[in-house]
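J.: Dropping the structure in here first, questions after.
Each reported figure results from applying straightforward, stated rules to the coordinates on display, with no laboratory input. If you're wondering where the values come from, they're calculated on a predicted model, not measured in any experiment. Here the Cβ is made from the backbone with ideal geometry for all residues, glycine too, and neighbour counts use every protein chain on show.
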Ligand SMILES: [Zn+2]
């Protein structure tokens, strides 16, 4: 799956300390083939199913247990050794299982089950569900991780792979899409039956059916037909995704050295969709905003987003779909890999998008999340559906991806790729574990990848490397677990020390050397340079702490000798030292000033997000905020003026930098920039294509943050009337940016009014709650109107809402948040609450440690 955009609020989770009772199926029955015929009724929101499952019984048995949820059984029979028996069906709702019991034990060997049943097209965006456009209903699926059982009784575990023959009986004027190509289409009165080709062996969670009047744009790559499909009103927004997929498919065919494993690739945008996208084998589904884009008018960011999500889901076709993790505890094998892989084809397709710099910036954020006390290991126990659902977090995706990035940098891309190929080939259409992957890498690279990966997959948190000023050829170093809060560090002081096996890449000419550090203390070769930098490439999954003298020398080389990725990592390391009181906050502002003319958008963006954190979480008084704002304006206004106004010759970088600086200056209260933003927003509202696409988001955001009821009305109208999902989503998000209390209430009220899809209301709730300018009013209003707000929350969204209360910064608010969510528990959000509470207490601590430092720095920089 692709996680929801703006999901930075997702909680990295606690280690699974809950006692999990197993909901695993017995292993006596192994499915081989499913024949499925489904007839959805889009008006009544129900469906009927006729299913046979060919399976092998390991030994004679009078019972067979499989998964089923919200299924009504009409009849179940079993055919074995020429005899047919009818089963008694017992449901276990708590475990989402059904047990078929037979009078006489079925013999060992081949058994075929025949099941007649019915189910509901639910409104929960899971299983076989109902999605609605303005005009009509669609029946669509989302099965990962444990919801195939809502569409057909099944052995719904990833290792129980089987082949599938799917038929869908649909209305005469509708069509259906499934994993494979249509092999026959038989009319029958008002209906027709579409029969799909037999699939390869695959997991149940990757099966998909989509029913409605979808229309598609077609293309092909390496002989594979590719289609991008949507509801009819959005057909014109699909061609860009086809282009992206054409490039990516060929790229992967080449990279993996194994051809795309399905006869066709369909990609379908669905009006209601909880995650970002889902990698169903041969039939990838998407949230509209992650897939549909108006190529001629969209910003580079919007196009890149589509390319990236397409590349992520397509990577899964090999890694996840063709070769699948044995069980959900190794979900990172799927998701970490796809998160890492998606960047390669996108970077190759559009080098000017500077993908590696974005990766460095993401890594910086991931290290911060993982340095919280409430984190977990990459691989973690997960047995119940709730526990499995909680695995879809930043640790699985971003940390998993970051560790692969580090390992690839250590062994070299060519050898790493060989390991990937060997792993895929060895487990084609089967299942595999983490050990299978790193053993294949170890064999292919002749380097101890297993040791490195085992330590990063098995140890929670982030190591910090503390270097010693040395003389001569070696630098002394210690490693220990890093906590982004002195309180947490103190609480863990007595813990058994953690040790990682870390490739530490020392910057050197002409190439970096990456010795392994597996002890503490240890020693590293200095290299031959006049400065020491211990994260060449900027992809190491660790923090670096340099002693003063070493850091001062390094600073002289920041702009001249470090790459943008390395600069981003250094800025992040410095900020981390401030968070733990090892440096005064001014060090971060000094570094921002030293890099203010940096040509990389991501470098500036990393600096300004730290300045934003200083503004929100350290500056407490209006005077501090005003003085900091004045410094921001003085520092970045000249950089903005250097760029000038949009010109045809702008590079994507220039366009993005201009937008970023406008946002920074607008937030800092620059009157001229706010006036420009207002003016451009008026032009945009009159004609959405009249201003540079890369400026739309920054200027409308600045205008809304300073806006009134009239602008609110206008944006609400854009949301209600635009046919472009990107414009719609942006407009809705902007409603949550207004600062007047009455407009904050109005935004939340509107998001909870039923006029906004469940999947989207969260943007308003989380944004108003997550922003210190609006969170007091939002929190008051949400508490007072809780039943209405809660009614909008899907399973995934509850955690986001709870998590965004982490923006508060006082002990009283921490108590208030805890009291409220204890009285009004949100399903599957315990970890999000723990994390929010720890963020609040970190903020309190940070402010008390650094506010005086900020004051004295500001006094010197007036
Ligand atoms: Zn994924």
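J.: Out of every Cα pair in the range 715-757, what percent are spaced more than 13 Å from each other?
T.: Of the Cα pairs, 51 percent sit more than 13 Å apart.
J.: OK, next. Would you calculate the separation in nanometres between label points at residue 173 and residue 44, each defined as 7 Å from the Cα along the Cα-to-beta-carbon direction?
T.: 2.2 nm
J.: Using DSSP, restrict attention to beta bridges with both residues in the range 132-265 and report what percent are antiparallel, rounded to the nearest 5.
T.: 95 percent
J.: Let me ask something additional. Quick check on the range 352-434: what does the Kirkwood estimate of hydrodynamic radius come out to from the alpha carbon pairs, in Å?
T.: Computed over Cα pairs of the range 352-434, the Kirkwood hydrodynamic radius comes out at 15.0 Å.
J.: Okay, next question. Whole Å is fine, so just give me how far the alpha carbon centre of the range 453-488 lies from that of the range 63-106.
T.: Their Cα centres are 55 Å away from one another.
J.: If I take R0 = 22 Å and measure r between the Cβ atoms of residue 136 and residue 791 in this structure, what FRET efficiency does the formula 1/(1 + (r/R0)^6) give, to the nearest 0.05?
T.: Once the sixth-power term is evaluated, E becomes 0.35.
J.: Taking the Cα atoms only, what angle lies between the long axis of helix 652-667 and the longest principal axis of the chain, rounded to 10 degrees?
T.: Once rounded, one gets 70 degrees.
J.: Give, in nm to one decimal, the length gained when the segment between residue 428 and residue 222 is fully stretched (0.36 nm per residue of separation minus the Cα-Cα distance).
T.: Working it through step by step, the gained length comes to 72.1 nm.
J.: Can you give the relative contact order of the range 681-768 as a percent, counting alpha carbon pairs under 8 Å and 6+ residues apart?
T.: It rounds to 24 percent for the range 681-768.
J.: Most exposed first by the Cβ proxy, i.e. fewest other Cβ within 10 Å, how do 807, 37, 569 rank?
T.: Arranged by neighbour count, lowest to highest, 807, 37, 569 become 37, 807, 569.
J.: Using only the alpha-carbon atoms of the range 196-283 as identical scatterers, what base-10 log of I(q)/I(0) does the Debye formula give at q = 0.14 Å⁻¹?
T.: -0.52
J.: Extension gain residue 32-residue 622, at 0.36 nm per residue separation less the Cα-Cα distance, in nm?
T.: Result for the pair: 205.7 nm of gain on full extension.
J.: As a test, work out the antiparallel percent of DSSP beta bridges whose residues both lie in the chain, rounded to the nearest 5.
T.: DSSP beta bridges in the chain are roughly 80 percent antiparallel.
J.: First obtain the Kirkwood hydrodynamic radius of the range 376-529 from its Cα pairs, then insert it into the Stokes-Einstein equation at 20 °C and 1.002 mPa s, and state the resulting D in µm² per second as a whole number.
T.: It diffuses with D of about 123 µm²/s by this estimate.
J.: Which semi-axes, in whole Å and largest first, does the equivalent ellipsoid of the range 677-791 have when worked out from the alpha carbon gyration tensor as the square roots of 5 times its eigenvalues? Mind dumping the intermediate values first?
T.: Working: eigenvalues 114, 47, 23 Å².
Taking √(5λ) for each eigenvalue gives 24, 15, 11 Å, largest first.
J.: Also, quick follow-up: Against the longest alpha carbon principal axis of the chain, how many degrees, from 0 to 90 and to the nearest 10, is the axis of helix 564-579 turned?
T.: The two axes meet at around 80 degrees.
J.: Follow-up. Suppose each label sits 7 Å from its Cα in the direction of the beta carbon; what would the residue 83-residue 56 distance come out to in nanometres?
T.: Calculated label separation equals 2.3 nm.
J.: What FRET efficiency comes out for the pair residue 523/residue 495, r = Cβ-Cβ distance, R0 = 30 Å, nearest 0.05?
T.: 0.75
J.: Also, quick follow-up: Cα atoms only, the chain: Rg and Dmax in Å?
T.: Using the Cα atoms of the chain, the pair Rg, Dmax is 27.5, 91 Å.
J.: Length gain on complete extension for the stretch residue 63 to residue 459, per 0.36 nm per residue less the alpha carbon to alpha carbon distance?
T.: Contour length minus the Cα-Cα distance gives 138.4 nm.
J.: At 222 nm, what helix-only mean residue ellipticity would the chain give, in deg cm²/dmol to the nearest 500, using -39500 (n - 2.57) for each DSSP H run of four or more?
T.: It comes out at -13500 deg cm²/dmol, rounded to the nearest 500.
J.: When 565, 816, 59 are ordered from fewest to most other Cβ atoms inside 10 Å of their Cβ, what list results?
T.: Neighbour counts put them in this order, fewest first: 59, 816, 565.
J.: Give me the Kirkwood hydrodynamic radius of the range 764-862, using the inverse of the mean 1/r over all pairs of distinct Cα atoms, in Å to one decimal.
T.: Value: 14.3 Å, from the Cα pair sum.
J.: Any idea what Rg and Dmax come out to for the range 564-658 if you just take the C-alpha atoms, in Å?
T.: 14.3, 46
J.: FRET efficiency for residue 776 and residue 671, Cβ-Cβ distance as r, R0 = 35 Å, nearest 0.05?
T.: That gives a FRET efficiency of 0.85.
J.: In which sequence would 279, 352 go, from the one with the fewest C-beta neighbours within 10 Å to the one with the most?
T.: With the sparsest Cβ surroundings first, the list reads 352, 279.
J.: Give me the angle, in degrees from 0 to 90, between the Cα long axis of helix 413-426 and the longest principal axis of the Cα atoms of the chain, rounded to the nearest 10.
T.: Helix 413-426 sits roughly 20 degrees off the main axis of the chain.
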